[in-house]
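Enquirer: Submitted below is the structure of interest, expressed as structure tokens.
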Amino acid sequence: MELEQDSKVSAESSADDASGSNRVDKIEEAILQTTWAYYHEGLNQSAIASKLNISRASVVNYLQEARRREYVRITLDPEIFKQHQLAQDLKERFDLEAVSVAPTAGKFTIDRVSRMTAEWLCELLEPGDYLGVAWGENVYRVAELTPRVAMPEVTVVQLVGSRRAESGFAAELCTSTIARRFGARCINLHVPLMVSKPSLAQSLKNEDIVKEQFDAIERCNKVIFACGTCGPESHIARTGLLTAEQLNQSVEEGATGVICGQLINE
């Protein structure tokens, strides 16, 4: 009797699982149908609702879910941002191959720069490239926004050592996130960003595994980094890379920015 009861429970469980699976399949199909109609057939939300016999609210929800799942990639041609007059002026002034300038809409927003950089990154990379990745909040934003494009022949390399970052933009995470989005090979640098003594830094560099990682850095032919500031809200201050006293002293001595953990002057 107990065996019969167990079989009944098992059968009911299987039926529930099948029912749940069917519901998931139907939702998935609805999302795909809605997305296709909107982006490929050019139908508006009302027309889609009528065609698929669903509410307009469902159409909105399905389109949002498609974007959340990254079924949809909406991009702007990177070339248009290189034609901006400011981009042309900067290119000429600093003898650069290309400059891309994000639209400001009257107010500077780092999100626009990060998104534009992430899109442009796909255009810049080629098979066999070694991409060096620095760290920082803005670099991590770029990593998060990088489109999922298969680039298995690209190698992504961590340029600077690790450092605790409460906001989640540690160097190894910036590197691994970009590598994962591209399906690329990832080489992390397994050393701290800063150590207490120069002799300790040299000892770490002499380790075979670290030598291999530095060799990978030497092979980098393309690099992504952000030029940070030296203010109290900069990432070098917020991550404790320098104390407030050290940072103030550096600014007094002429420091105006930081690249890959290195202070630079004007």
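The values are calculated or read from the model by the stated rules, or taken from the named source; none is laboratory data. As the structure is a prediction and not an experimental result, all values here were calculated from the model. So basically every Cβ, Gly included, is an ideal-geometry build from the backbone, and we count neighbours across all protein chains shown. Surface accessibility is based on the protein's heavy atoms, side chains included, excluding ligands, DNA and RNA. Shrake-Rupley method; radii C 1.70, N 1.55, O 1.52, S 1.80 Å.
Enquirer: Any idea how far apart LYS205 and LYS91 come out in nm if each label point goes 7 Å out from Cα toward Cβ?
Expert: So the two model labels end up 3.8 nm from each other.
Enquirer: Across bins of 10 angstrom width beginning at 0, how are the C-alpha pair distances of the chain distributed, in whole percent?
Expert: 6, 20, 25, 21, 13, 9, 4, 1, 0
Enquirer: When the expected Rg is taken as 2.2 N^0.38 Å, what fraction or multiple of it is the alpha-carbon Rg of the range 75-120?
Expert: Expressed relative to 2.2 N^0.38 Å, the Cα Rg reads 1.12.
Enquirer: Here is a further query. Taking only the alpha-carbon atoms of the range 137-181, what semi-axes of the equivalent ellipsoid follow from 5 times the gyration tensor eigenvalues under a square root, in whole Å, largest first?
Expert: One finds semi-axes of 19, 12, 6 Å for the range 137-181.
Enquirer: Moving on. Taking R0 as 35 Å, what's the FRET efficiency between LEU32 and THR109 from their Cβ-Cβ distance, rounded to 0.05?
Expert: 0.60
Enquirer: Leaving out ligands, DNA and RNA, what percent of the accessible area of the range 89-144 is carbon and sulfur, probe 1.4 Å?
Expert: On the range 89-144, the fraction of accessible area on carbon and sulfur atoms equals 49 percent.
Enquirer: Determine the gain in length on full extension of the stretch LYS222-TYR39; use 0.36 nm per residue of separation and subtract their C-alpha separation, reporting nm with one decimal.
Expert: 62.5 nm
Enquirer: With the other protein chains left in place, how much accessible area per residue, in square angstrom, belongs to the chain at a 1.4 angstrom probe?
Expert: Per-residue accessible area for the chain comes out at 64 Å².
Enquirer: Next question. Carbon and sulfur: what percent of the range 163-257's accessible surface (1.4 Å probe)?
Expert: Carbon with sulfur: 51 percent of the solvent-accessible area.
Enquirer: Any idea what Rg and Dmax come out to for the range 158-256 if you just take the C-alpha atoms, in Å?
Expert: Just the Cα atoms of the range 158-256 yield Rg and Dmax of 15.2, 44 Å.
Enquirer: Give me the base-10 log of I(q)/I(0) for the range 42-93 at each q in 0.13, 0.21 Å⁻¹, Debye formula, one uniform scatterer per Cα, rounded to two decimals.
Expert: Values returned for q = 0.13, 0.21 Å⁻¹ are -0.54, -0.78.
Enquirer: Grab the DSSP H runs of the chain that are 4 residues or longer, score each as -39,500 (n - 2.57), total them, divide by all residues and round the 222 nm result to the nearest 500 deg cm²/dmol.
Expert: Calculated mean residue ellipticity at 222 nm is -16500 deg cm²/dmol.
Enquirer: Considering lysine pairs in the chain that are 8 or more places apart or on different chains, how many have Cα atoms under 28 Å apart?
Expert: 11
Enquirer: Pick out, in residue order, every one of the chymotrypsin sites (Phe, Trp or Tyr not before Pro) in the range 83-145 that is DSSP loop and has at most 16 other C-beta atoms within 10 Å; say none if there are none.
Expert: PHE94, PHE108
Enquirer: Taking a quarter of the surface of the convex hull around the Cα atoms of the range 221-266, what do you get in nm²?
Expert: Projected area, direction-averaged: 3.4 nm².
Enquirer: Which loop-located GluC sites (Glu not before Pro) does the range 128-203 contain, where loop means any DSSP state but H, G, I, E or B and the Cβ has at most 11 other Cβ atoms within 10 Å?
Expert: Of the GluC sites (Glu not before Pro), the ones in loops of the range 128-203 whose Cβ has at most 11 other Cβ atoms within 10 Å are GLU166.
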